[in-house]
Amino acid sequence: MQYTEFTPQMKYTHKLLVPQMSPIHFEIMAHVLRAEGYDVELLKSEGSEIRDTGQRYVHNDACYPATLVIGQLIAALKSGKYDEDKVALVMSQTGGGCRASNYLSMLRKALYRAGYAHIPVASLNFSGLEKNSALPMSFRCFINLLLSVLFGDELMCLESQVSPFEKLKGASSEVVKTWIDRIGQLLRKRPKLPVGLLLKRISYQIAADFAKIETDKKDAPKVGVVGEIYVKYAPAGNNHLVSFLQEQGCEVITPPMFGFVQYCVKNVPEEATLYGGHKVKGLVYNTVLKVLSRMEKIAKKQVARFSCFHVPSSFKEIVSSAKEFIGLGANMGEGWLLTGDMVDMVQSGTPNIICAQPFGCLPNHVCGKAMIAKIRQAYPQANIMPIDYDPSASQVNQENRIKLMLSYAKEAKQEENC
Amino acid sequence: MRLGLDVGSTTIKAVVLDDQGQIVYRTYTRHKSQVKEKTREILTEVSARFGDEKKLAVAITGSAGLGVSELSKIDFVQEVYADSLAAKRLVPKADVLIELGGEDAKVVFLTGLKDARMNGTCAGDTGAFIDQMASLLKVSTEELNDLAKAATTRYVIASRCGVFAKSDVQPLLNQGAKREDVASSILYSVVNQTVAGLAQGRKLKGQVVYLGGPLTFLSELRKAFDDVLGIEGLLPEDSLYFAAIGAALYANTIVDFKEKIELFQQNFASTYEALPPLFENQAQYDAFVKRHQKAQVLRCLDIDYDGFVHLGIDCGSTTLKTVLLSEDGRILDSTYAPNDTNPVEMAVSVLKDLYQKYPNLKLASVTSTGYGEQLIKQALNGDDSLVETMAHYRAAVEFEPECDFVIDIGGQDIKCFKIADGSISDIFLNEACSSGCGSFLATFSEALDLSPAQFSRLALFAKQPVMLGSRCTVFMNSLVKQAQRDGATLADIAAGLAISVVKNALYKVIRTTNPKELGAHILVQGGTFASDAVLRAFELELNLEVTRPEIAGLMGAYGAALYGKDNWDHKSLSNALSVHELDGFTHSRTTSRCGLCENHCLLTINRFAGDRLYLSGNRCERPLAKKPTQPALDLTVYKRQLLAEYQNYVPKQINVGLPLVLNFFETLPFWHTFFTELGFGVCVSSPSDGTTYASGQADVLSDTACYPAKIVHGHIRQLASDESLAAIFYPCMPYNIDEGGGENHYNCPVVATYPEAVAVNYQKSHPLLLYPYIGLHQPKKFVQQMSVVLKKLQPKLHKRDLQKAADKAYKAYDDYLAKVQKEGQRIIEEARSQGRHIIVLAGRPYHLDEQVNHGISRLITKQNAAVVTEDCFLFGEKQKHQVLNQWTYHNRLYNAALAVGQSEDMDLVQLVSFGCGLDAITGDEVKEILQRHNKLYTQLKIDEIVNLGAIEIRIRSLFAALAKKQRKGGKQNAIYRVYPANEIHP
């Protein structure tokens, strides 16, 4: 099987197609890559076309995110909109022990089968994988990507807090849209501000804009959506779960993506503690973690200045919640972070949770489904429903299970009010 | 007054409560997928009865109720919640509700920690499954219940889902197991599925209440639940109507019936993306029919034909087909009929009829094929039998000499093969998940009171076929409900099902991405292709014209007859039963437990007149009392012997239990040595047997995990009950030992962290469950880690002793691997010296568990081939692979594939456990490596399913293909003879 490496020169000649995952975050990240000089297009297609294309070229037992992501990329190539000699695809790799690190190989195989072996794939990873095809990145770009995760988290978090209550429908999504563009412009201008200050200012302004939106306070049960990273964030992967829940009158809480970034970093020193190994590497990563934690703190502090907003728990708190239930060595897929997210939500007053994963997700047998039982033993109020997503799973069945969870959520809310 | 409507996946229940909460009206009816129409009928009737309609509050519940509720804007309440509302009112003492519906199973804990659970996506179909099984047995569900009452033995039937269970049930019936026993076993498998999926470690105890159709109608099912749970459950009055009553209790919006009934006149808004219709118009269809009518076969119409004839019998999973050939290969006669679970009687009557119809018959040969090839051969004293793939191949090349691809979709199985240079170049057989597609179409149409032909007709001109997925029939069934809500008509669904069956074959079984890869001359056959809708869907999907022989359903029998003709010496007569012998034909079936080894296989013994015998259910040859001339060369036996040496438990002051599961199948020598050296007594759980899985199934927390993981709970239970143990040691190990060759050396996520899942439901403090994160890949840190872990058991351990024990343990591990490799080499050399073929049975260490591999290696040694495993080829150099090579065990697979690719006398069979997502990656890569070396790739998916029928066909097909290939290559070595099932080589 042949495939084409992504060489650094392609930065100047090729258009990069990026598959969708978390719409807000990825829009901002696309801006960051554009600021770096890449010609980037974030794909937005969804539905049967990408699903069917994915099923055709990806092994049927592969997980749903692989089907959708690869389907989306190949469907884009098939659309004929792009010059095949001047287009490249981007795929991320974490290097963890779950299947996701192999999406890149699966994509290459799929490209070969679909007759696109000449299209290069760039690997977006920070683990030193695919040295010949890695997406070159400056330090500045790296920092900007971190910022975009933080900004994305704030926009996502505040939008979901405000939108169910806004008086003027669509007001909060308007704020999101405006900010995505503003952040894009700002990053392209390469501001000379120190990172901390930039973060502080923008975080504050975002929160201020949301605080201006007029709202009606009404009773809306809070529902957390946790799980595998793709189906948790991607509306295409979870049949627009967030909108569905909002239509049911819920306020939806999704854990921040920055937690996942910190989780990936933290696993390195954690493994060094468990199994030994490079001490220096552990120290370096611990330092990085400290910087990240500092950034997280700055952003959250700005949100906290507005008493109307609920500020998500810090990564540190998630870690200590997770530790009570699962070993931090469980680091494949979302691993202990998923358990920690659930525990934290239950503890902080959101006992109603949907744990979303692709059908057959290997790490979630343990970190999701098994831990749900353990959490329920400790917190009887926990009302957690695992939902599997798959190209062939019926939406009616998924909604029916979600409604079961909501029945109990509403009952609990009533009892509370009585 | 209040009305509650429970719109389920197969039935509608309605209840009207008066103001005192008394039931004043109730109805129960099957909706036959006409959800909207039936609901409207009921509303009309209720409105007529309770004249002053304005006073009725209404709510809808049920798994198919969501769509109806959206359409009519009547309040919806989730059905499990509705159940619990009703239970609170009607059976206040209830602790647990168990409700089985048409599609979903639910368990609700009402007291203590409140909890409600519904089956996962994969384990749907409960009620529908019982219906299907009843139709398989040709009885109603009530009769199935009656049959179960007279059961004497119980078979183990896979309980993951209906599709898997059917893979066990169908062969049982064909082997002649007693219907009574099968009926009872089916009900027990429903119980096991419910317990394994929904108990999740919590005891179903106290006052258990049974609800829903199956539990209401089937007393034996209730008894089975009582038996498995050790309780006495209660079937309350109105057990069918609980959800409906709950909905009525929930109802608080008074509705205007006239308005609602009118709303039901409208159609569901069509909200799905329709697939293109199968045919645009009648003319297109006519042209299609005309084209396919050309695919005729030569027939002999001479009633008084008196030459020699060859009879081919294809004893399939659900039908029996025969073809009678004249000496010059024309078809003289043929039959096609359901086997009614007694293929022997069927075959005998066919033969009798033939003798009667053709008095001058000179029967030259009788050849059987299909699932029941051996049964029929023994019953009729036939001359020969052959594996069905070969029969189909033979028929295909006769029909269309240029054909290069054959696809056969039968009731149960999908078989495909590629033909290149006059021999089979690739074989594709479905795994359990995609089985039963054909018969699903049949039972689905039956449930709608339509004949298969009518159903197919309906599909042909559907305007907007709906996509129903391609995973399996359980998923398809639940997507039907979705489709109705999305506004699909019955015709659209019929067309959608035809398309789904085709997609399943193409994308799941053959896994093609480019239809042109298949070939230019494609032949389709099998009963399912009798449907024009399926045929058309196939052509549309491929964008190609294919050939469907007019005898599409008879090709197996045709091929068998041709095979008989090919091997005939042009003079002798068949040995098969003559007219007179048929008159005295007797057939009896008995079952007995084999006592020759600890497997205690349940044998089904068919006895025929003339002392002929056919035995099935055996995993080995011992009950046949024949001895193979050459001893089996099987590395798995040797490995099991090595591990058995650690079974000897001598209790000491402090004792540790080790479960023989997952990676322990390889690390056992390490851990056993380590603990022994430290002075602990070490107790290893006994190898899994037939009861291990069941004993721990109630602790399973994720029913879609792989079987090797789910069986862990049984081992833990066994160890937990041993009072002499201070601790059970079962470490989490995300990393494996680095054997080089890969980018990393992980274990899979399940092997890595399953101990965490086990610990959730482990409530005992003695023995203590120790499940620390341990890495054997860093020997230095290992000692430090263990000294912390073991402090809980033995505070006085000295670091020096730990180090010494660790050194010995690493050595024991290395020794074990070296021994395995050495024996592997010995087997390879011996096989070569004897001219025997070598099969690398490649999987994971835990595939050594006989409950996991179900004795597959014996199916291979039965073919006189030697079996070695993937760990013979350890420690290869770093190879460039097309996947991210980051798991130790998986790296071995690639090494094994490379080694096989370089050896002419080796082939590889990959074992894959159902649910192993990583093997989606390794399977593709191993296949590519093998194909680069022009080797066939065989993957066997294994799970709880006990029956090896389909797997045996695969293995024999592999050997048959190898034999053909070799003959092509001009070699006349006997290595590749294909040995029939249950017959010992000479």
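Just so it is clear, none of the values below were taken in a lab; they were calculated from the coordinates. Here the structure is a predicted model, which is why all the values come from computation and not from measurement. Positions of Cβ are backbone-derived with ideal geometry, glycine not excepted, and every protein chain shown enters the neighbour counts.
Do you know the relative contact order of the stretch B:766-896, to the nearest whole percent, from alpha carbon pairs under 8 angstrom that are 6+ apart?
20
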Reachable lysines from B:Lys565, criterion Cα separation under 19 angstrom, eight or more residues apart if same chain: B:Lys321, B:Lys362, B:Lys377, B:Lys964
Two-site FRET efficiency, A:Ala412 against A:Lys279, from Cβ-Cβ distance with R₀ of 60 Å, rounded to 0.05: 0.80
The stretch B:793-869: Cα Rg divided by the 2.2 N^0.38 Å rule of thumb: 1.61
Stokes-Einstein translational diffusion, the stretch A:209-361 - Kirkwood Rh over all Cα pairs, 0.890 mPa s, 25 °C, in µm²/s: 145
Chain A, relative contact order [Cα under 8 Å, separation at least 6], %: 16
The stretch B:310-406 - Rg over Rh from alpha carbon coordinates, Kirkwood radius: 0.96
Hull-based mean projected area of the stretch A:352-392, where the convex hull spans the alpha carbons, in square nanometres: 2.8
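Let me know the mean shielding of A:376-385 by other chains, meaning the per-residue number of their Cβ atoms within 10 Å of its Cβ.
Mean shielding count: 3.
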Inter-label distance, nm, simple model (7 Å from Cα along the C-beta direction), B:Glu70/B:Asn648: 6.8
Label-point gap, in nm, between B:Asp426 and B:Cys597 - each point 7 angstrom along Cα→Cβ: 3.6
Segment B:Lys780-B:Ala609, length gained on full extension (0.36 nm per residue, minus Cα span): 54.5 nm
Most positive-pole-ward Cα, A:Leu146, A:His25, A:Ser79, against dipole of chain A from beta carbon charges: A:Leu146
Value at 222 nm in deg cm²/dmol, rounded to 500, when DSSP H runs of n ≥ 4 in chain A each add -39,500 (n - 2.57): -17000 deg cm²/dmol
Rounded to whole Å, sorted largest first: equivalent-ellipsoid semi-axes of the stretch A:350-418, Cα gyration tensor: 24, 17, 6
For the stretch B:146-159, 3J(HN,Hα) per residue [Karplus equation, 6.51 cos²θ - 1.76 cosθ + 1.60, θ = phi - 60°, Hz, x = Gly/Pro]: 4, 4, 4, 4, 9, 5, 10, 10, 10, 8, 7, 10, 4, 10
Whole-number D in µm² s⁻¹ for the stretch B:356-441, Kirkwood Cα-pair radius fed into Stokes-Einstein, 10 °C, 1.306 mPa s: 107
Inter-chain shielding of B:78-85 (mean C-beta neighbours from other protein chains, 10 Å cut-off): 4
A:Ile143 paired with B:Leu448, simple spin-label distance in nm, labels 7 Å along Cα-to-beta-carbon: 6.4
Under the Debye formula (equal points on every Cα, no solvent term), log10 I(q)/I(0) of the stretch B:431-531 at q = 0.12, 0.13 Å⁻¹: -0.39, -0.46
Averaged over B:728-737, number of beta-carbon atoms from partner chains that fall within 10 Å: 3
Length-normalised contact order of chain B in % [C-alpha pairs under 8 Å, at least 6 apart]: 11
Segments A:197-206, B:212-221 sorted - mean Cβ within 10 Å per residue, highest first: B:212-221, A:197-206
Cβ-Cβ FRET estimate between B:Gln20 and B:Ala269, R0 fixed at 56 Å, reported to 0.05: 0.90
Most positive-pole-ward Cα, B:Val182, B:Gln200, B:Asn119, against dipole of the stretch B:101-223 from beta carbon charges: B:Gln200
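Which FRET efficiency, nearest 0.05, do A:Ala208 and A:Lys78 yield, Cβ-Cβ r, R0 51 Å?
0.70
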Rounded if a/c under 1.5, otherwise prolate or oblate - the stretch B:832-975, Cα gyration tensor axes: oblate
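Two decimals, Cα atoms only, Kirkwood Rh: what is Rg/Rh over the stretch B:277-352? Kindly include the intermediate steps, with their values, before the conclusion.
Values: Rg = 17.1 Å, Rh = 15.0 Å.
Taking Rg over the Kirkwood Rh, I get 1.14.
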Over the stretch B:449-608, volume per residue of the alpha carbon convex hull, in Å³: 259
Simple Cβ-charge dipole of the stretch B:319-395, Lys/Arg +1 and Asp/Glu -1, about Cα centre, in debye nearest 20: 120
Antiparallel DSSP beta bridges within the protein assembly as shown, as percent of all bridges there, nearest 5: 45
For B:Val682, distant residues with modelled amide H under 5 Å away: B:Val650, B:Val656
Cα-derived Rg over Rh, computed across the stretch A:281-418 with Rh taken as Kirkwood radius: 1.02
Cβ charges +1 (Lys, Arg) and -1 (Asp, Glu), total dipole of the stretch B:705-849, debye: 460
Cα gyration tensor shape of chain A, rounded if a/c is under 1.5, else prolate or oblate by comparing a/b with b/c: rounded
Spatial extent of chain B: Rg and Dmax, with the Cα atoms as the point set, Å: 30.1, 95
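Report, in debye and to the nearest 20, how large the dipole of the stretch B:2-54 comes out about its Cα centre when Lys and Arg carry +1 and Asp and Glu carry -1 on their Cβ.
The dipole magnitude comes to about 300 debye.
Given only helices, namely DSSP H runs of n ≥ 4 each adding -39500 (n - 2.57), what is the per-residue ellipticity at 222 nm of chain B, to the nearest 500 deg cm²/dmol?
Value at 222 nm, helices only: -12500 deg cm²/dmol.
Report, please, the projected area of the protein assembly as shown averaged over directions, based on the convex hull of its C-alpha atoms, in nm².
52.4
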Antiparallel %, DSSP beta bridges [both residues in chain A], to 5: 5
Using alpha-carbon coordinates, inclination of helix A:335-347 to the longest axis of chain A, degrees: 20
Karplus-derived HN-Hα couplings along the stretch A:48-61 (A = 6.51, B = -1.76, C = 1.60, θ = phi - 60°), whole Hz, x at Gly and Pro: 5, 5, 6, 5, 5, 4, x, 5, 6, 10, 10, 3, 4, 8
Taking only Cα atoms of the stretch B:747-901, radius of gyration then Dmax in Å: 19.7, 58
Average projection area in nm² (convex hull over Cα atoms of the stretch B:702-808, one quarter of hull surface): 8.2
Top positive-direction residue, dipole computed over the stretch B:1-53 with Cβ charges, set B:Ser47, B:Ala14, B:Thr29: B:Thr29
Burial ranking of peptide ranges A:277-288, A:356-367 (average Cβ count within 10 Å, highest at the top): A:356-367, A:277-288
